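For reference, the structure discussed in these notes is given below.
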Amino acid sequence: MRIDIITVLPEMLDGFINTSILARAQKKGLVEIHLHNLRDYTTDKHRRVDDYPFGGAAGMVMQCQPIDACITALKAERDYDEVIFTTPDGEQFNQPMANALSMLNNVIILCGHYKGIDYRIREHLITKEVSIGDFVLTGGELAAAVMADAMVRLVPGVLSDEQSALSDSFQDNLLAAPVYTRPADYKGWRVPDVLLSGHEAKIKEWELSQSLERTRRLRPDLLGE
Ligand code: ADE
């Protein structure tokens, strides 16, 4: 999978995409993540990418020209499955969306900034608008990072133990069961006996009952309750 992120703040994402699992996924050749500085595509001699909104509203709006130029240049190189725009009024990002996106070959993520982008870009070039939650960030970079992270870890081979992605919270609409590591007794805080029993079927049964109990208690909406 290849992810092209268009941003006015590439330095904000550079460390993130070159650290830990995202870095390893790229080194293994499973994923490519490319950052594109929107300012490199403007024809403005002061490298400006925003302007005042028509109608006199407050705040600045990202202009059509540099966004169009960047997306057009990328599309000339390869076909894209989705051109995503990060925006608080988009579709809510969740695990099913991460699963679906992780199966695509080429994805562009355009990070919003200021008061938004010229609506004509959304009408003509964007294929999917995504929000990571009902709150407003100063820009779409953190949203792009969240999405890229959730997508990349689902690409086969990225996680060393593929099971660990399958048993994530939300993967089957249930929260994950609690996990523990050594020592079995820490200051009298004991690991549940069943996990020390070595009885695989009993452990699976316990994990499922814990998942159900935690989901019912913490996220009953996931069970339709
Ligand atoms: N840009 C600003 N806030 C955002 C949000 N909640 N989700 C996605 N992009 C955003």
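The values are calculated or read from the model by the stated rules, or taken from the named source; none is laboratory data. Computed from a predicted structure; not experimentally measured. For neighbour counting, all protein chains shown are included, and Cβ atoms are generated from backbone atoms with ideal geometry for every residue, glycine included.
Tabulated results
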read-out	value
One residue from Val179, Val146, Val152, Val107 being over 19 Å from Leu38 (Cα atoms) and within 16 Å of the ligand (Cβ to nearest atom)	Val146
Residue within the range 26-33 that is β-branched (Val, Ile, Thr), part of a helix (DSSP H, G or I) and within 25 Å of the chain's Cα centre (by Cα) present	no
Selection count, the range 62-95, where residues are under 17 Å from His113 (Cβ atoms) and either aliphatic (A, V, I, L, M) or within 15 Å of the ligand (Cβ to nearest atom) (or both)	12
Identity of the residue in the range 154-202, aromatic (Phe, Trp, Tyr) and in a loop (DSSP other than H, G, I, E, B), that ends up farthest from the chain's Cα centre (by Cα)	Tyr180
Number of the condition not met by Asp4 [criteria: (1) touching a Leu at 6+ places or on another chain (Cβ under 6 Å); (2) within 19 Å of Thr138 (Cα to Cα)]	(2)
Condition met for Ser102 (away from the ligand (no atom under 16 Å from the Cβ), modelled with pLDDT under 95 and among the polar types (S, T, N, Q))	no
Number of the condition not met by Ser169 [criteria: (1) more than 9 Å from the ligand (Cβ to nearest atom); (2) under 30 Å from Phe54 (Cα atoms); (3) hydroxyl-bearing (Ser, Thr, Tyr)]	(2)
Output for the range 119-133, where each listed residue is within 16 Å of the ligand (Cβ to nearest atom), within 26 Å of Gly55 (Cβ to Cβ) and not aliphatic (A, V, I, L, M)	Tyr119, Arg122, Glu129, Ser131
Subset of the range 112-148 [among the charged types (D, E, K, R) and out of contact with any Ser or Thr (no Cβ under 9 Å at 6 or more places or on another chain)]	Lys115, Asp118, Arg120, Glu123, Lys128, Asp134
Checklist (1) modelled with pLDDT of 95 or more; (2) in contact with a Lys or Arg (Cβ under 8 Å, 6 or more places away or on another chain) applied to Ser211, failing item	(2)
All positions within the range 174-191 that are under 16 Å from Leu218 (Cβ atoms) and surrounded by 15 or more Cβ atoms within 10 Å (Cβ to Cβ)	Leu174, Leu175, Ala176, Ala177
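Quick grid of which residues meet (1) charged (D, E, K, R); (2) over 19 Å from Ile21 (Cβ atoms):
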position	(1), (2)
Ile109	no, no
Gly112	no, yes
Ala150	no, no
Asp172	yes, yes
Ala176	no, no
